[in-house]
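*Asks:* My structure is below; once you've seen it, I'll send some questions.
Please treat every number below as a calculation from the coordinates, not as lab data. None of these values were measured; they are calculated from a predicted model. A quick note on method: Cβ atoms are made from the backbone with ideal geometry, for glycine too, and the neighbour counts reach across all protein chains shown.
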2 protein chains.
Amino acid sequence: MGKVIYEELKPLFYPKSVAVVGATETAGKYGFNVFFNLVSGGFKGEIYPVNRRVDKVLGFKAYKSVKDIPVDVDLTLIVVPASQVPSVMEDCVEKNVKTCIIISAGFRETGDEGKKFEDEVISIARRGGIRVVGPNCMGIFNTSINLNVLMAAFPLDLSTFKGKISFVSQSGNLGTNMAVWGFMRGVGFNKFVSSGNEADLTCEDFIEYFGYDPETKVIIAYIEGFKPNSKFPKLAKEITRKKPIVILKTGATEAGAKAARSHVGAMAAKDEIVDALFKQTGVIRVYDVEELFDTAVALANQPLPKGRRVGIVTGGGGWGVVCTDMCAKLGLHVTPLSRETIERIGKLLPSYWSKSNPVDTVAMIDPVAQFRCVEEVMRDENVDGVIYLGFGWAQNILERFKNSPYVGKLDLSIFDRLIDAECEVARKLLSLIKETGKPVYIATLASNAPSINILESNGILVYPTPERAAKVFAKAASYKLYLDKLKNVKDKEKLGSEAN
Amino acid sequence: MGKVIYEELKPLFYPKSVAVVGATETAGKYGFNVFFNLVSGGFKGEIYPVNRRVDKVLGFKAYKSVKDIPVDVDLTLIVVPASQVPSVMEDCVEKNVKTCIIISAGFRETGDEGKKFEDEVISIARRGGIRVVGPNCMGIFNTSINLNVLMAAFPLDLSTFKGKISFVSQSGNLGTNMAVWGFMRGVGFNKFVSSGNEADLTCEDFIEYFGYDPETKVIIAYIEGFKPNSKFPKLAKEITRKKPIVILKTGATEAGAKAARSHVGAMAAKDEIVDALFKQTGVIRVYDVEELFDTAVALANQPLPKGRRVGIVTGGGGWGVVCTDMCAKLGLHVTPLSRETIERIGKLLPSYWSKSNPVDTVAMIDPVAQFRCVEEVMRDENVDGVIYLGFGWAQNILERFKNSPYVGKLDLSIFDRLIDAECEVARKLLSLIKETGKPVYIATLASNAPSINILESNGILVYPTPERAAKVFAKAASYKLYLDKLKNVKDKEKLGSEAN
């Protein structure tokens, strides 16, 4: 699996030289965005703007045609009106360009006329052995080599967002929005593709490439629909043995939305099939953008829980109840703790603590004592992972006090001590996860605390609600149990063949 | 309904004089938090710290006992160890204090012993005709008079967060966290109560008070359980005719959580009863904190949709699909638009637009043209309200460009023009909502745009995902249809009596 596509897409994701046909200095144009992103992203390869009307773009010598570029071109971006795309593609064939991304719209998505036009462009590309992304797509990025050729206005410094998650989206608008949103939340990406009309390369091809790509640990996708006879089921089953695939799949198609009332029935039916397909192939299905990133980041950076048994540690009773509720709804078990764990925690908390799971640390403000409770629960053999609620408050409180004119010369040093202690706890949590091989999913309404930064910069996202932490636990546990089932089948098969 | 409780709780929510027993200058103590919040919140009434050991607290003359305070005391906060509470309560009775909030813990929540102790304290209070909040609660606030007596470290300026939503929470920790989270998101509150052990005043009492309170337009609550023979069903049915009640109800109790595995079954059963009860009484049930605030703010600040027919306007196809999916799942109808609307929108968009609902403005960057599409859909008689996806991007883009060293002297004035245009659109949207009497629910991944600030400062929250906007539409429509059903029944009854 994947070897051929892996070789074919190397010049796309790891080009040595990139041309942008339609590069311009006019802000607000897509040809500006793409070229600006390429130049400002930190890409170390060769860059060639193609523009008939000017000599330079952002300081780079401009060429009249890709044919005039003095070196081999691995990747050409096409950002000119649709009517000019066939002739640009002819030039690309002549130049022996290896891969093209057609940003331009005005093809199949506009109707039958556009479809013919699209077929023509692709047939030119095929003649030259060029693999094509799009048309009507929004480009790609690859943080490994600081390559950013998105048409979205996106001049973020990719080098600060490197990660292990690769992402293909069938909607450019939604995909680039989601990528920006992920970046804003500190999600570390590896590669991104907006697959557009998929006239040549399809979302399945990119999933296959990511499956083979050693830099991708988790594959995520936004999918509206697969083409008939898709290779997806076979592909997914093979890939999910090695790395997780998390998919946000909408039931409707854009065409289907035209008859909104009547398509609802069709959608529901399709959705059941999708559910069954994903379940059989080990694909993790999510239902919104938040869940997509929450799950992907957890899978990329934390061990999988061995099963569905959850330990909850909470600074306040209400959050524990909310979290227990959500866990129960999701089929997780807020499991009884061992007698030994109860005894050990008893030594850490006031006598009137709950003596059960969730462990309510009854508004104790000492983060180290709270962490000791987390540690005891993590080490309990009845627990597959911990949800830890309430974290990082001291910084928020201190900031509010500091901004108040009423504080005067009061001694606020207790908060500095608490903040230091929380940071120490954050570092200890990272070690504890490694040592026990169990995950800790954290939720708090606090933000901006240095302790939270320590966790997030190490790939442990801190969620704003207990529900979101519980959902991540459930997804990760289901995936682990899927893998175990596969392994059992394999072991049995092996046992069977040994017995023969 | 409510008249008696309304009079009894006036000194609690609108005290002229407040005493804090246990007020201190030691940061990190709850007696500090409560007194600090009271002093720094901007309360204009009289303030009296009670502390045996010092002469002054934060510049206010301290008294040895409430009995020594030279004026009548409407409200006394008790923030001393549980063992001292009975004698403090005796002092309050002697002083003829009208209402008390017992912050102190160590009562019923610690077991039978504590329960007896709690009963004793309440019986002293009853003797003096004192109404009590708590014990084991986290206090209250009332933004109408800048009264903040929370034990949470919460020195926010309440005067900037005034609003029409009042909130009672059976969990202090969860409630105050949620209130802080709401404040951070710009949710405007009126009153908040953490009801604690509810030894005297219960969550039902506060809901009843809010029902009668003219400053409360929407009531929200976090509820873990009602007491036996609760007046809630009768109360809720009466109040929801006049104003919405939105409740986050957990199925479990804290006690129930003790046997986590076994309580799951019980929980599920209880939950069905709660669902039925809420449905019959017109209470809007939500399932997490985000949904609570999203729904409450929409109900407080926008007209209700007349039914389930949704118009969607989106800047990108993918978001429209996601939104259509979620609407269909929630029983909303992404309804066909009238022929006239389709024709009018056709004049605004490129020829290849979808000609259906969702209206995809096909990546047009002009916000005024987008708004014109929203306007046409709003005026369509087949539509009860609009979900508008994609807003406020220009500011985000401009900021990113401005922070880039590669921009140099490029002309970025187009973004300033777009930002101005978006602000104009935001103001027009506000008028359009008023004029048509239909709601617009907005989702965008953009943030910090001046146009978004215009909307949010006028009570129109901008959600980060289409799903959240769709959920709000569904809740608001259900409530409206509940009210219509009541009205129909009433009309029929009236008709019946006229016929007699």
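*Asks:* As a footprinting exposure proxy, order B:THR314, B:THR143, A:THR436 by other Cβ within 10 Å, with the fewest listed first.
*Replies:* Final ranking by Cβ density, sparse to dense: A:THR436, B:THR143, B:THR314.
*Asks:* Using 20 Å as the Cα-Cα cut-off, could you pick out the over-long pairs in A:LYS243/A:LYS475; B:LYS242/B:LYS485; A:LYS279/B:LYS249?
*Replies:* Numbers: A:LYS243/A:LYS475 14 Å; B:LYS242/B:LYS485 14 Å; A:LYS279/B:LYS249 31 Å.
Those over the limit are A:LYS279/B:LYS249.
*Asks:* Next question, about the same structure. For chain B, what does the helix formula give at 222 nm: sum of -39500 (n - 2.57) over DSSP H segments with n ≥ 4, over the residue count, nearest 500 deg cm²/dmol? Before the final figure, lay out each step's value.
*Replies:* Numbers: 17 runs with 224 residues, N = 500.
After summing the helix terms and dividing by residue count, I get -14000 deg cm²/dmol.
*Asks:* Could you tell me which of rounded, prolate or oblate describes region B:1-154, using a ≥ b ≥ c as the square roots of the eigenvalues of the alpha-carbon gyration tensor, with rounded for a/c under 1.5 and, failing that, prolate when a/b is larger than b/c and oblate otherwise? Walk me through the numbers before you get to the answer.
*Replies:* Numbers: a/c = 1.38, a/b = 1.14, b/c = 1.22.
Because its axes are fairly even, with a/c under 1.5, region B:1-154 counts as rounded.
*Asks:* Now for a separate question. Expressed as a whole number of Å, what is the distance separating the alpha-carbon centroids of region B:38-114 and region A:333-357?
*Replies:* 34
*Asks:* Taking every residue in A:311-320, how many Cβ atoms of other protein chains lie within 10 Å of its Cβ, on average? Intermediate values should be presented prior to the final figure.
*Replies:* Values: counts 0, 2, 0, 2, 2, 8, 10, 16, 6, 7.
Mean number of neighbouring Cβ atoms from other chains: 5.
*Asks:* Cα gyration tensor of chain A, axes a ≥ b ≥ c as square roots of the eigenvalues: rounded (a/c below 1.5), prolate (a/b > b/c) or oblate? It would help to have the intermediate numbers written out before the result.
*Replies:* Working: a/c = 2.41, a/b = 1.63, b/c = 1.48.
Prolate is the answer for chain A, as a/c is 1.5 or above and a/b outweighs b/c.
*Asks:* Here's something else I'd like to know. Over its Cα atoms, what ratio of radius of gyration to 2.2 N^0.38 Å does region A:107-176 give? Write out the running numbers ahead of the final one.
*Replies:* Values: Rg = 15.0 Å, N = 70, 2.2 N^0.38 = 11.1 Å.
In units of the globular-protein estimate, region A:107-176 measures up at 1.36.
*Asks:* Under 27 Å Cα to Cα from A:LYS95, which lysines show up? Leave out anything in the same chain fewer than 8 places away.
*Replies:* Here the lysines satisfying the reach criterion relative to A:LYS95 are A:LYS3, A:LYS10, A:LYS16, A:LYS29, A:LYS44, A:LYS56, A:LYS61, A:LYS64, A:LYS67, A:LYS115, A:LYS116, A:LYS191.
*Asks:* Quick one: 3J(HN,Hα) in Hz for region B:16-30, Karplus 6.51/-1.76/1.60 with θ = phi - 60°, rounded, Gly and Pro as x.
*Replies:* 8, 9, 10, 10, 10, 7, x, 4, 8, 9, 7, 4, x, 8, 5
*Asks:* Sticking with this structure for a sec: Please list 3J(HN,Hα) in residue order for region B:315-325, calculated via the Karplus relation 6.51 cos²θ - 1.76 cosθ + 1.60 where θ = phi - 60°; whole Hz, with x for glycine and proline.
*Replies:* Result, rounded to whole Hz: x, x, x, x, 4, x, 5, 4, 5, 4, 3.
*Asks:* Pull up all non-local amide H partners of A:GLU46: gap of 5 or more, or a different chain, and H-to-H distance under 5 Å with H placed in the peptide plane.
*Replies:* Answer set, sorted by chain and number: A:SER17, A:VAL18.
*Asks:* To the nearest 20 debye, what charge dipole does region A:378-493 have about its Cα centre, counting +1 at the Cβ of each Lys and Arg and -1 at the Cβ of each Asp and Glu? Write out the running numbers ahead of the final one.
*Replies:* Numbers: 17 positive and 15 negative charges, 67 e Å.
That gives region A:378-493 a dipole magnitude of about 320 debye.
*Asks:* Using the number of other C-beta atoms within 10 angstrom as an exposure proxy, rank B:LYS487, A:LYS217 with the fewest first.
*Replies:* On the way: B:LYS487 11, A:LYS217 20.
If I rank by nearby Cβ atoms, fewest first, I get B:LYS487, A:LYS217.
*Asks:* A further question on this structure: Run through the other copies and list how far each one's label point is from that of A:SER159, in nm with one decimal, shortest first; the point sits 7 Å from Cα along Cα-Cβ.
*Replies:* A:SER159 label point versus its equivalents elsewhere: 4.8 nm.
*Asks:* Taking a label point 7 Å from Cα toward Cβ, how far is B:LYS428 from its twins in the other copies, in nm, shortest first?
*Replies:* Relative to the other copies, B:LYS428 has label-point distances of 5.8 nm.
*Asks:* Give the long-range amide H neighbours of B:ILE387: residues separated by 5 or more places, or on another chain, with amide H under 5 Å away, using H modelled in the peptide plane at 1.01 Å from N.
*Replies:* Close amide H contacts, sequence-distant or interchain: B:GLY311, B:ILE312, B:VAL313, B:TYR441.
*Asks:* If we hang a label 7 Å off Cα along the beta carbon direction at B:PRO228, how far is it from the matching labels on the other copies, in nm, shortest first?
*Replies:* 6.7
*Asks:* From the P(r) of the protein assembly as shown, could you give the percentage of C-alpha pairs in the tail past 43 Å?
*Replies:* Working: 201426 of 499500 pairs.
Above the 43 Å cut-off, the protein assembly as shown has 40 percent of its Cα pairs.
*Asks:* Follow-up question, since we're still on this one. What are the chymotrypsin sites (Phe, Trp or Tyr not before Pro) within region B:1-81 that DSSP puts in a loop, where the Cβ has at most 11 other Cβ atoms within 10 Å?
*Replies:* Passing sites in region B:1-81 do not exist.
*Asks:* Nearest-to-axis residue of chain A, judged by Cβ, for the A-to-B rotation, with distance in whole Å?
*Replies:* A:GLU290, 5
*Asks:* Counting other C-beta atoms within 10 Å, which of A:THR341, A:THR160, B:THR250 has the fewest, and how do the rest follow? Walk me through the numbers on the way to the answer.
*Replies:* Working: A:THR341 22, A:THR160 11, B:THR250 27.
Ordered by Cβ neighbours within 10 Å, fewest first: A:THR160, A:THR341, B:THR250.
*Asks:* Assigning unit charges at the beta carbon (Lys, Arg +1; Asp, Glu -1) and nothing else, what dipole magnitude in debye, to the nearest 20, does chain B show about its Cα centre? Before the final figure, lay out each step's value.
*Replies:* Numbers: 64 positive and 58 negative charges, 122 e Å.
Value, rounded to 20: 580 debye.
*Asks:* Can you check what the net charge comes to around A:VAL218, using other residues whose Cβ is under 13 Å from the Cβ of A:VAL218 (Lys, Arg +1; Asp, Glu -1)? It would help to have the intermediate numbers written out before the result.
*Replies:* Working: positive: A:LYS164, A:LYS191, A:LYS217, A:LYS242, A:LYS243, A:LYS475; negative: A:ASP213, A:GLU215, A:ASP294.
Residues close to A:VAL218 contribute a combined charge of +3.
*Asks:* Still on this structure, please answer the following. Would you mind getting me the FRET efficiency between B:GLU94 and A:LEU412? Use the beta-carbon distance for r and R0 = 35 Å, nearest 0.05.
*Replies:* Once rounded, the FRET efficiency stands at 0.40.
*Asks:* What net charge do the residues around A:TYR287 carry, taking every other residue with its C-beta under 10 Å from that of A:TYR287, with Lys and Arg at +1 and Asp and Glu at -1?
*Replies:* With Lys, Arg at +1 and Asp, Glu at -1, the net is -1.
*Asks:* With θ set to phi - 60°, apply the Karplus curve 6.51 cos²θ - 1.76 cosθ + 1.60 along region A:370-375 and write out the HN-Hα couplings as whole Hz, x wherever there is a Gly or Pro.
*Replies:* 4, 4, 4, 5, 4, 4
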